[in-house]
Ligand code: AVJ
């Protein structure tokens, strides 16, 4: 379904943030869905700069956030259902167990999801909340893709007519300050998306989370754990080749967004566990010498046969790494949940009490 059609069917309106703030009292009475657009065209400037940087680095790279156009998002949903891709299934099973505890007393709170994925996970939480909590709470997905938000919300308001929702189109790595602050929040950062960030990036991101949430707010965050190499590598080298298609699709995104002329058949999918860095790396490896033109940024890129473009890191965590990250970010760990094989962890964090307040 197209975005326009979705919007017509479900009365989704997109507006910029100033307009929405002055409008909001009236909106809460109607069933109209509001999506705040906070991106401001800054995002499209970023792609030019990001690719310029990535293609001139000695190890070429493309930031993995550019995977998720409409096709990329659809391919990722397919990946989540692959037999080899254990993270989604494992996280879901933990979430089912703990949802009643997390959501039992969620009246008058806001449930924020950073990166709107398939609704499967959020539906587990909303089901566990029950109708009476749902009718006073609000669900707020935050994502750079307006389409992903519209699609997710259209489905949810149909399933839960009593639920209030508000979409926020924004880059959650830099725009957490646009979140509402009036009611207690639980931020969900699921799927081990944090694994895409470097150690420093994740700490500075979690620091801004700690700074932007109040003492009674919570962060629910998913971590994919270190496990036998074969299991991890199979998850990124599935037998149906969906992950390969997903990886190569990032080139189509550049072709479209930057008027480039990548031919994805000249690249091979590579994914392996880098033990020193404790991460799965995905690359696109040139299978011949290649010259690519990126029209919009007036750039030519040369790749030698065998050279790679690094497209993703997916870090795998240990308890010690997670504890270290929390401590360095000013967050304290409230609860820790895992599956029986310890393949995945869901951790509840809250702002660590500052030195001042401890002395009171
Ligand atoms: C969405 C970042 C969690 O790293 O496992 C899946 C993305 N890449 N297969 C991951 C992904 C290749 C996924 N995350």
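Derivation of every value follows stated rules applied to the coordinates shown; laboratory data play no part. Quick caveat: nothing in here was measured; it's all calculated off a predicted structure. Note: ideal-geometry Cβ built from the backbone for every residue, glycine included; neighbour counts use all protein chains shown.
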Structure-based [θ]222 nm, the chain - -39500 (n - 2.57) summed over DSSP H runs of at least 4, per residue, nearest 500: -12500 deg cm²/dmol
Ascending count of other beta-carbon atoms within 10 Å, so fewest first, for 209, 168, 178: 178, 209, 168
Principal-axis tilt of helix 319-329 within the chain, Cα atoms, nearest 10 degrees: 70
Hull volume in cubic angstrom per residue (convex hull over the Cα atoms of the chain): 152
Equivalent ellipsoid semi-axes, segment 287-360, via Cα gyration tensor eigenvalues times 5, rooted, Å: 45, 20, 10
Fewest-first sequence of 46, 216 by Cβ atoms within 10 Å of each Cβ: 216, 46
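For segment 168-257, what's the relative contact order in percent, using C-alpha pairs closer than 8 Å and at least 6 residues apart? Before the final figure, lay out the partial values.
Values: 49 pairs, mean separation 29.4, N = 90.
Relative contact order here is 33 percent.
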In degrees, nearest ten, helix 242-258 long axis to first principal axis of the chain (Cα): 90
Helix 199-212 vs. the chain, principal-axis angle (Cα, 0 to 90°, nearest 10): 20
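Calculate how large, on average over all directions, the projected area of the Cα convex hull of segment 34-181 is; give the answer in nm² to one decimal. Don't skip to the answer; put the middle values down first.
Numbers: hull surface 41.1 nm².
Result: a mean projected hull area of 10.3 nm².
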Cα-only Debye scattering, segment 160-257: base-10 log of I(q)/I(0) at q = 0.14, 0.16 Å⁻¹: -0.81, -0.97
Cα-Cα P(r), segment 188-340, percent of pairs per 5 Å interval: 2, 8, 15, 17, 14, 13, 12, 10, 6, 3, 1, 0
Principal axis dimensions, largest first and in whole angstrom, of segment 150-207 by Cα: 41, 25, 18
